[in-house]
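Chemist: One structure follows; several queries about it will come next.
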């Protein structure tokens, strides 16, 4: 069996099929198709205002689709709530990070124990992956740097042991060195079997570690393929970085 045929038989873990969505009378997504294969990283690229965040919110169960289908492991789940999406293993880190600023690092990790994880295990993994968090364990999250907050948000998300991780503008407001470190960590997680959908304005930050990339412009996916192919397409339509 050829590689292409084998890939065609793999049921996407997360899929948007002809999805439409909007706000009031304004339609933002105009029939979006996306497919995240198990154990891969799909980079959703494009400028601000193109519809990336709305697509991510639909995937997370935070915004309803008005047309098309949202599918998890091949099953249509239109209308699913964020809570039910989380129970299916979908975890989201929204644009602008997702920490409780008035809680300490340790308390933020404790907030993830509602899924049944032990705080000691969460701390061991978080501090092992990002030693700086161990030094900041009693510090209020809101007083930390943007990079440290993003490390905490990622650590807390991983505490739920997700099957799918949704990352919206991971690089926002971060120094290039921190962005590289964060995406190196994401690449390691994908190697360990996690499936990741990343919405990113700055293509050069994520393309080196992506398995597949999709370019979204004006609420439509205008190209999908290998990162190198999409990077070439972007040279004419749009280039982040």
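Where a number appears in this text, it was derived from the coordinates with a stated rule and is not lab data. Remember, it's a predicted structure, so these values are computed and weren't measured experimentally. Here Cβ is always computed from backbone atoms with ideal geometry, including for glycine, and neighbour counts include all displayed protein chains.
Chemist: Would you compute, from DSSP H runs of 4+ residues alone, the mean residue ellipticity of the chain at 222 nm, taking -39500 (n - 2.57) per run and dividing by the full residue count, rounded to the nearest 500?
Modeler: Calculated mean residue ellipticity at 222 nm is -10000 deg cm²/dmol.
Chemist: If you don't mind, there's one more thing I want to ask. Quick one: length gained pulling residue 139 to residue 211 fully straight, 0.36 nm per residue minus the C-alpha distance?
Modeler: Stretched out fully, the residue 139 to residue 211 stretch lengthens by 22.2 nm.
Chemist: Next question. Rounded to the nearest 10 degrees, what's the angle between the helix 227-237 long axis and the longest principal axis of the chain, both from Cα atoms, 0 to 90?
Modeler: Tilt relative to the chain: about 70 degrees.
Chemist: Taking Cα atoms, how many degrees apart are the long axis of helix 146-158 and the longest axis of the chain, rounded to 10 and kept between 0 and 90?
Modeler: For 146-158 against the chain, the angle is about 80 degrees.
Chemist: Then there is this: Assuming 0.36 nm per residue, please report the length gained on full extension of the stretch residue 204 to residue 175 beyond their Cα-Cα distance.
Modeler: 9.1 nm
Chemist: Against the longest alpha carbon principal axis of the chain, how many degrees, from 0 to 90 and to the nearest 10, is the axis of helix 176-191 turned?
Modeler: 80 degrees
Chemist: Express in nm, to one decimal, how much length is gained between residue 23 and residue 11 on full extension, taking 0.36 nm for each residue of separation and deducting their alpha carbon distance. Don't skip to the answer; put the middle values down first.
Modeler: Working: separation 12, 0.36 × 12 = 4.32 nm, distance 3.03 nm.
Between residue 23 and residue 11, full extension yields 1.3 nm more.
Chemist: Related question: Given the peptides 190-200, 126-136, arrange them by the average over their residues of other C-beta atoms within 10 Å, most packed first.
Modeler: 190-200, 126-136
Chemist: Now, a different point. Testing the spin-label approximation: label points 7 Å from Cα along Cα→Cβ at residue 69 and residue 33. State their distance in nm.
Modeler: Going from the residue 69 label point to the residue 33 one covers 1.3 nm.
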